[in-house]
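Report on one structure; see the data block that follows.
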Amino acid sequence: MEYRKAGESGVFLPEVSLGLWHNFGDVDNFDEARRMIITAFDKGVCHFDLANNYGPAPGSAETNFGKILKSDLAAHRDEMFISSKAGHDMWPGVYGDGSSRKNLIASCNASLRRTGLEYFDVFYSHRYDGVTPVEETMQALIDIVRQGKALYVGISKYPPREQQRCYDILRQAGVPCLLSQYRASIFDTHAIDNNFGPAAANGSGIVCFSPLAQGLLTDKYLHGIPEGSRAARATGYLKSSEVTPERIEAARRLGEIAARLGMTLAQMAIAWLLADKRVTSVIIGASSVKQLEANLDAIGHDAFTPEDLHAIAEAAMVPGVKY
Ligand SMILES: NC(=O)c1ccc[n+]([C@@H]2O[C@H](COP(=O)([O-])OP(=O)(O)OC[C@H]3O[C@@H](n4cnc5c(N)ncnc54)[C@H](OP(=O)(O)O)[C@@H]3O)[C@@H](O)[C@H]2O)c1
């Protein structure tokens, strides 16, 4: 594993991290989830990305992660970097959603209870909710750090204007933003174009999520929607309507480039993000140890020629469609 420094901090993260959004909930195979976490850790993936609402049921990914931590990795806590987040719909009533102080503080406490952790390495505001003043949300994050419940803070999916405000407030408080988490992939360059610049300019590390566009940037859907895949599962966030012929055709074109470069499409998709040296880590998802191991082979293949990058950009274009 290779490690990169997160912005202007002293923290290093693995180039590839493991996210627990799907496949670690109560509806999933616990034994495979356990094997994935242990395999990841054994291979140097020391950063695990959680959120309060990951499951289903919401919260169960944190509970399951806590169980695995206790049974298999308790002695290794200081070798791990564990994140959680709050801001999406989590519990009934008006306080279970959004980016208010009320939601973030209660949520962080509940996430600590579920995981059995004493503190998170980084705690994120999961989103800008369009209602809560950024000052209120950032003050909650600052207080979470001052209370010893997290070592660092991060933001996720904030639009550029609010993103800059976060950096300013956090820096002034002496709790700089360690990580900015955005969706980014060969199919979705919006954050690369709009949010990576401000993050890098403000000394924040950048972590990318859904680097495989939830599986579209693999060979998985080339011949239809397989049973058990994210697009086929009722609990999956990828809708079958998003698996369009145009995207599949683009994946096929990209797969040909990957093959020419000696990689699978999934590996090329990860390596393509890592070619951007502003990126600290790429958070992948996986539903099996096999996928995880295959994807980790992307590491060390992030040297693309300008011709390769041009060919990838051309092949990725899906007429009239924004991922
Ligand atoms: N901040 C946020 O708002 C936010 C939002 C979303 C995600 N995230 C974070 O980012 C993490 C990753 O997101 P993601 O799960 O969408 O990432 P992803 O890497 O784009 O998609 C992962 C899915 O792709 C498929 N896949 C992976 N490797 C494969 C391979 N080699 N061959 C075929 N299929 C393969 C699997 O789907 P199947 O299940 O179909 O096998 C897997 O579950 C999350 O777990 C979470 O931690 C954060």
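Rule-based calculations on the coordinates, nothing more; no lab input. Nothing here was measured: the structure is a model prediction, and the numbers come from that model. Note: ideal-geometry Cβ built from the backbone for every residue, glycine included; neighbour counts use all protein chains shown.
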Legend entry - Of the trypsin sites (Lys or Arg not before Pro) in region 144-214, those whose Cβ has at most 10 other Cβ within 10 Å and which sit in DSSP loop: none
Inset, instruction - On a 0 to 90° scale, report how tilted helix 306-316 is relative to the longest principal axis of the chain, with both axes built from alpha carbons and the result rounded to the nearest 10. - result: 90 degrees
Legend entry - Helix 160-172 vs. the chain, principal-axis angle (Cα, 0 to 90°, nearest 10): 40 degrees
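How would V11, V16, V94, V27 line up from fewest to most surrounding beta-carbon atoms within 10 angstrom?
Numbers: V11 19, V16 27, V94 9, V27 14.
The fewest-first ordering by Cβ neighbours comes to V94, V27, V11, V16.
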Legend entry - Charge context of A231, other residues only, Cβ under 9 angstrom, K/R +1, D/E -1: +3
Inset, instruction - For region 209-282, run through the trypsin sites (Lys or Arg not before Pro) and keep only the ones in DSSP coil with at most 11 other Cβ atoms within 10 Å of their Cβ. - result: K239, K277
Inset, instruction - Report the one residue of S84, A184, T305 whose Cα lies farthest in the direction of the positive end of the charge dipole of region 3-316 (charges on C-beta: Lys and Arg +1, Asp and Glu -1; origin at the Cα centre). - result: S84
Inset, instruction - Order by neighbour count: W21, W91, W272, fewest other Cβ atoms within 10 Å first, most last. - result: W91, W21, W272
Inset, instruction - For the chain, just the Cα set please: Rg and Dmax, both in angstrom. - result: 18.8, 53
Legend entry - Residue order, fewest to most beta carbons within 10 Å, for Y119, Y182: Y119, Y182
Inset, instruction - Among Q147, S287, V131, pick out the residue whose Cα is farthest towards the positive end of the charge dipole of region 3-316, where Lys and Arg carry +1 and Asp and Glu carry -1 on C-beta, about the Cα centre. - result: Q147
